Amino acid sequence: MVEDLQLLMEENIPLRDAVFETLREAILKGVLAPGQHLMEMQLANQLGVSRTPVREAIRMLELEGLVNMIPRKGARVAAISEKSLSDVLEVRRAMEELSVRLACKRMDHKDMEKLDQINQQFIRACQTDDVVQIARIDESFHGVIYEAADNAKLLQLLSQMQNQMYRYRIEYIKMKERRQILVEEHKKIIYALARRNSEEAAEATRIHISHQEQCVMSEIQSKRSI
């Protein structure tokens, strides 16, 4: 039984979605650990719901790559592997470089103001211990760039990748010593965008994502060697 697991219920959202968000956050925060068996009845009893929304939520988590369904063994929290990290960030790097290049050409003054405002929120959030909130604001920061790129197909692909990227974003943000580096990297991206320098913006974005990959990869390897 997971003692810290409580249903995150908000108004006007389906019960299935509330269970999904509860389990998703528990996985991202490490309350539900990699490899942990997700037993529907146990989770349903703890959250005070029937098995149906739990089963549906687990299926949604499988689509995000946060849960693995193992034949004859059921659902388990997915481990973070070097291969899955590399695969996700290779794709993210390519798409984000393209989006920032397009944004350099298409961003307007309002987009720049919004990006700066969100980065100020990000700076303040980095002073807290709320890693989920920091990750959400970081996601919003990059979301402004995706929208400003003004390419519907690219936006669709990036949106599909968001959930896959989110777990690695959380793992990186958990490292408090890296947060100031994130802030500085955001500033470099903003500076390049403001100058409409696509090469500089792409390079800043490439470095930003590569640092994330290197640090999370190192963390995975260190845990494996223990």
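Miscellaneous remarks
- Most mobile listed residue (188, 73, 114) in the chain, GNM with C-alpha springs under 10 Å: 73
- Net length available on complete extension from residue 188 to residue 79 is 36.0 nm, with 0.36 nm assigned per residue and the Cα-Cα distance removed.
- A Förster radius of 45 Å, combined with the Cβ-Cβ distance separating residue 222 from residue 11, puts the computed FRET efficiency at roughly 0.60.
- Residue separation of residue 33 and residue 94 scaled by 0.36 nm, minus their Cα-Cα distance, works out to 18.9 nm of gained length.
- In terms of accessible area, using a 1.4 Å probe and ignoring ligands and nucleic acids, 105, 83 rank largest first as 105, 83.
- Debye-sum result for the chain in log10 I(q)/I(0), which assumes one identical scatterer on each alpha carbon, at q = 0.08, 0.14, 0.17 Å⁻¹: -0.32, -0.93, -1.24
- Cα-Cα separations in segment 65-152 greater than 21 Å, expressed as whole percent: 51 percent
- Using a Gaussian network model of the chain in which every pair of alpha carbons under 10 angstrom is joined by a spring, one finds that among 49, 131, 88 the greatest mean-square fluctuation is at 49.
- Every helix of 4 or more DSSP H residues in the chain counts as -39500 (n - 2.57), and over all residues that averages to -24500 deg cm²/dmol at 222 nm.
- About its Cα centre, the dipole of the chain is roughly 480 debye, where the only charges are +1 on Lys and Arg Cβ and -1 on Asp and Glu Cβ.
- Estimated from the Cβ-Cβ distance and a Förster radius of 22 angstrom, the FRET efficiency linking residue 42 and residue 163 is about 0.35.
- Heavy-atom accessible area for residue 177, with the other protein chains in place and a 1.4 Å probe, reaches approximately 130 Å².
- Solvent exposure of the chain amounts to 53 Å² per residue of accessible area, where only protein heavy atoms count and the probe is 1.4 Å.
- Comparing 61, 157, 102 in a Gaussian network model of the chain (Cα springs below 10 Å), the most mobile by mean-square fluctuation is 157.
- Span from the segment 179-226 Cα centroid across to the segment 1-68 one, whole angstrom: 31 Å
- Think of the chain as having a plus end and a minus end, set by charges on the Cβ of Lys, Arg, Asp and Glu; of 77, 134, 154, 77 sits farthest toward the positive end of this dipole.
- Violating pairs (Cα-Cα greater than 27 angstrom) within the set 114/176; 105/174; 114/153: 105/174
- Fully extending the segment from residue 153 to residue 86 would add 21.8 nm, taking 0.36 nm per residue of separation and subtracting the current Cα-Cα distance.
- Where trypsin sites (Lys or Arg not before Pro) fall in DSSP loop in segment 1-68, at most 12 other Cβ within 10 Å: none
- A 1.4 Å probe, protein heavy atoms only, puts the accessible area of residue 17 near 40 Å².
- With the convex hull of the Cα atoms taken as the outline of segment 105-226, the averaged projected area works out to 7.7 nm².
- In segment 1-47, the alpha-carbon atoms span a convex hull of 71 Å³ per residue.
- Short to long, the 10 Å bins of the Cα pair-distance histogram for segment 27-68 hold 29, 59, 12 percent of all pairs.
- 37 °C / 0.692 mPa s Stokes-Einstein diffusion coefficient of segment 1-128, Kirkwood radius on C-alpha pairs, µm²/s: 189 µm²/s
The values are calculated or read from the model by the stated rules, or taken from the named source; none is laboratory data. Please read all numbers here as calculations on a predicted model, not as lab measurements. All Cβ positions, even for glycine, are placed from backbone atoms using ideal geometry, and neighbour counts span all protein chains on display. Surface areas here come from the heavy atoms of the whole protein model, side chains and all, with no ligands, DNA or RNA. Shrake-Rupley method; radii C 1.70, N 1.55, O 1.52, S 1.80 Å.
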